[in-house]
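**Q** Here it is, the structure, as structure tokens.
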Amino acid sequence: MKKLLMGLLIFAFAINLTACGNLKNSNLANNAANTNGKQKTYQTTVTDKNGYNVLLKDGQYLISPTNGITASNNDNNVDNRSLEVGLLNISHDLFSTDKYVFQEGQVLTPRQVNIWLSRYSKHNKQGLNYKKSKKYSPIILNQIFEQDFLVKSGSSYKLGGISLGLALNSVDYYTKVKDGPEYHVNIKKNQQLAYGKKVAYTLIKRLRKISALKHIPILIGLFQKTGRDSLVGGNYLAYSIVDTNSSKINEWKSVDYSSQVLPTIGDTKPINSTDAASFSDFKAAIQGYFPNISGVIAKVHYQDKHLKQMNISITTQFYGYAQIESFSRLTLSVAKKYLPNNVPIEIRIESVNNLQATITKNDADDSYYVHVFSGE
């Protein structure tokens, strides 16, 4: 049960970020499909009109067996969220929410993914990363992330499409000898794109040999990872749609996603000066009322130069419940006054050790929701 609840919570948050819907009011729908007598029962959760229904099997959320498999230790938690949310966003137009239901990737196996993420060698000719050489060759393909989209078929569901996110390192960290000092190599955007496209062409041919993937549309997105210390996740650079029964990638569509931390540092200019000014006014207002605020930062996410999400973190030195509740109510009023009102907003109020309160607006039409944690 804990795994089910955690899976649903994670997915719900991901859907919120993409403006594809949310699971805030979800429950088990009365559209359970029974297959083979009592052997399998499929159910879907109910989301709002813009969101994907999520397929459950025997009342349980299925977690992908390949989640978390990477080629190198270049992980960044904010990258992982952006990889997932961005792929959902891209997939939304191809796999419509009124026809398809969502499920975490169940087709690719851990063994397949591990083999593909390895370096090419005479012992592993399926490896997609550069083979070893005298001069260090960076690991570029770090992760293959799968999402499945299913359609109703009689009393059951069948796979109707699949999306893959290819996570490409922008920085590769390595050691020359075991337990030796760590080095890193930067990988330029054009190198990532060229390599990612080459890998995608190879993968499509392999995927079409898998029986479940022979005759369905496949979407492949190229995701640019950030360095380990980045406060914002990476972004998709391009994607391509491979038509039903085809093994050809005819064109790549560029994706204009960008993210930034506010306030900016040094000479870095904000992506949007109006949004930056709104956040600056918000920050000044709450710090004026409560001087003992340790820090206030925002992570802003854009698509086609338009703000799509703002996530704010406020670090406090409060410990009493009354203080936190009072501050939360003040923050709510300041947010309504200064922050953009036409995008999802998430404000996290936290101490060094604990999350103390959240103030969220899931989409442009929603009101803010405030929750103060009691600590019990």
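The values are calculated or read from the model by the stated rules, or taken from the named source; none is laboratory data. Here the structure is a predicted model, which means the values were calculated and not measured. Please note: Cβ atoms are built from the backbone with ideal geometry, for glycine as well, and neighbour counts cover all protein chains shown. Surface areas here come from the heavy atoms of the whole protein model, side chains and all, with no ligands, DNA or RNA. Shrake-Rupley method; radii C 1.70, N 1.55, O 1.52, S 1.80 Å.
**Q** Of the conditions (1) buried (at least 19 other Cβ atoms within 10 Å of the Cβ); (2) at pLDDT 85 or above, Thr358 satisfies every one except a single condition; which number is it?
**A** Tallying (1) buried (at least 19 other Cβ atoms within 10 Å of the Cβ); (2) at pLDDT 85 or above, Thr358 fails exactly one: (1).
**Q** Related question: Lys158: among the basic types (Lys, Arg) and closer than 22 Å to Lys253 by Cβ, yes or no?
**A** No.
**Q** I would also like to ask the following. Checking Val107 against (1) among the β-branched types (Val, Ile, Thr); (2) modelled with pLDDT of 85 or more; (3) out of contact with any Leu (no Cβ under 9 Å at 6 or more places or on another chain), only one condition comes out false. Which one?
**A** (3)
**Q** Being closer than 18 Å to Val296 by Cα, among the small types (Gly, Ala, Ser) and at pLDDT below 90 narrows it down to one residue among Ser367, Ser328, Ser351, Ser333; which is it?
**A** On inspection, the qualifying residue turns out to be Ser351.
**Q** (1) small (Gly, Ala, Ser); (2) without any contact (Cβ under 8 Å) to a residue 12 or more places away in the chain; (3) buried (at least 19 other Cβ atoms within 10 Å of the Cβ): which one isn't true of Ser259, the others all being true?
**A** (2)
**Q** Sort through Ser333, Ser313 and tell me the only one that's closer than 13 Å to Phe282 by Cα and open to solvent by 40 Å² or more (accessible area, probe 1.4 Å).
**A** Ser333 is the lone residue from the list that is closer than 13 Å to Phe282 by Cα and open to solvent by 40 Å² or more (accessible area, probe 1.4 Å).
**Q** Pairs only if they're at least six apart or on different chains, beta carbon under 6 angstrom, first in region 204-220 and in contact (Cβ under 8 Å) with a residue 12 or more places away in the chain, second in a helix (DSSP H, G or I) and surrounded by fewer than 17 Cβ atoms within 10 Å (Cβ to Cβ); list them, first residue then second.
**A** Leu219/Leu94
**Q** Considering region 266-277 alone, what residues qualify as being open to solvent by less than 60 Å² (accessible area, probe 1.4 Å) and touching a strand residue (DSSP E or B) at 6+ places or on another chain (Cβ under 9 Å)?
**A** Residues satisfying the conditions are Pro270, Asn272, Asp275, Ala276.
**Q** For residues in region 254-265 being of a type in the set (A, V, I, L, M) and in contact with a strand residue (DSSP E or B) (Cβ under 9 Å, 6 or more places away or on another chain), which is modelled with the lowest pLDDT?
**A** By that ranking, first place goes to Val255.
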